[in-house]
Amino acid sequence: MRRRLYFVLPDLASARQTMDDLLLARIEERHIYFLARRGTPLGDLHEANVLQKTDIVHGAELGLILGGVGGAVLGVIAVMSPPEGITLQLVTILFTALIGALLGAWVSSLVASAVPNSKLLIFAKDVEEGKILMMVDVPARKVEQIRQLVERRHPEAAPGGVEPTIPAFP
């Protein structure tokens, strides 16, 4: 399981140096993401993707749950009062719940892809001022070691906290 550490860095040079130190600490580049003000060239730094920038994951989870419940309710209604001349079995409820969950996840993830990540709202002011947000995904056992490394080597980096869990798939 991984945890996501957040740090706010004052400029691009500091971000590059911090990334170099993390690479030397054996954190893979694919687990280090940077977010800067729109239009800021990050060069060779790994820019945060849509999964980090938007609420797409949260939206898909919420849509999955609400769509599944809505589909199950519609399935129960269909089984309890089927159209005339049709006999529906209980498996209809499972089928409609599954279809509802898939449609709910799809539609809500489309909507959520246009919404900024709510977990990053506390960093929005810093990013708009030209600072750079660094997100580092580290194994749970290395959280304290990496936090101390960044604080020791980069006193200019403002710690932004730790996200308890991150999805396994990105």
Å² per residue, accessible surface of region 1-160 at 1.4 Å: 60
Between VAL115 and residues 5 or more places away or on another chain, which pairs have amide H atoms under 5 Å apart, with H built 1.01 Å from N, and which residues are they? ASP55
Summed over the other residues with a beta carbon less than 12 angstrom from that of VAL143, with K and R at +1 and D and E at -1, the charge totals +3
Write down the percent of antiparallel bridges among all DSSP beta bridges whose residues are both part of the chain, to the nearest 5. 95
Rounded to whole Hz and in sequence order, give me ³J(HN,Hα) for region 101-118 from the Karplus expression 6.51 cos²θ - 1.76 cosθ + 1.60, θ = phi - 60°, writing x for Gly and Pro. 5, 5, 5, x, 5, 5, 5, 5, 5, 5, 5, 5, 5, 9, 9, x, 4, 5
What number comes out for the charge environment of GLU156, summing +1 per Lys or Arg and -1 per Asp or Glu over other residues with Cβ under 11 Å away? 0
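How big is the dipole moment of region 1-69 about its Cα centre under a simple scheme where the beta carbon of each Lys and Arg is +1, that of each Asp and Glu is -1, and everything else is neutral? Debye, nearest 20, please. Don't skip to the answer; put the middle values down first.
Details: 9 positive and 9 negative charges, 29 e Å.
Magnitude of the dipole: close to 140 debye.
Relative contact order of the chain: what whole-number percent is it, with Cα pairs under 8 angstrom and at least 6 residues apart?
Value for the chain: 46 percent.
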Expressed in square angstrom to the nearest 10, the accessible area of HIS31 with a 1.4 Å probe stands at 20
Quick tally, 1.4 Å probe accessible area for ASP11, ASP55, sorted with the most first, runs ASP11, ASP55
Say a site is exposed when it is one of the GluC sites (Glu not before Pro), sits in a DSSP loop, and has at most 15 other Cβ atoms within 10 Å; what is then the longest site-free stretch of the chain? 29-83
Give the carbon-plus-sulfur fraction of the accessible surface of region 1-102 in %, rounded to a whole number; probe 1.4 Å, heavy atoms of protein chains only. 65
Any chance you could tell me what percent of the C-alpha pair distances in the chain go past 27 Å? 41
Karplus ³J(HN,Hα) for region 32-38 (6.51 cos²θ - 1.76 cosθ + 1.60, θ = phi - 60°; Hz, whole; x = Gly/Pro) runs 10, 10, 10, 10, 10, 4, 3
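What do you reckon, how do THR18, THR87, THR92 stack up by accessible area (1.4 Å probe), largest on top?
Descending accessible area places them as THR87, THR92, THR18.
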May I ask for the distance between the Cα centers of region 22-52 and region 120-156, given as a whole number of Å? 11
Applying the Karplus parametrisation 6.51 cos²θ - 1.76 cosθ + 1.60 with θ = phi - 60° to the phi angles of region 12-17, what ³J(HN,Hα) value in whole Hz is obtained for each residue in order, glycine and proline being reported as x? 5, 4, 5, 5, 5, 5
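The values are calculated or read from the model by the stated rules, or taken from the named source; none is laboratory data. Since the structure is predicted, the reported quantities are computational estimates derived from the model, not experimental observations. Every residue, glycine as well, gets a Cβ built from its backbone with ideal geometry; the counts of neighbours run over all protein chains shown. Quick note on the areas: whole protein, heavy atoms, side chains included, nothing else; ligands and nucleic acids left out. Shrake-Rupley method; radii C 1.70, N 1.55, O 1.52, S 1.80 Å.
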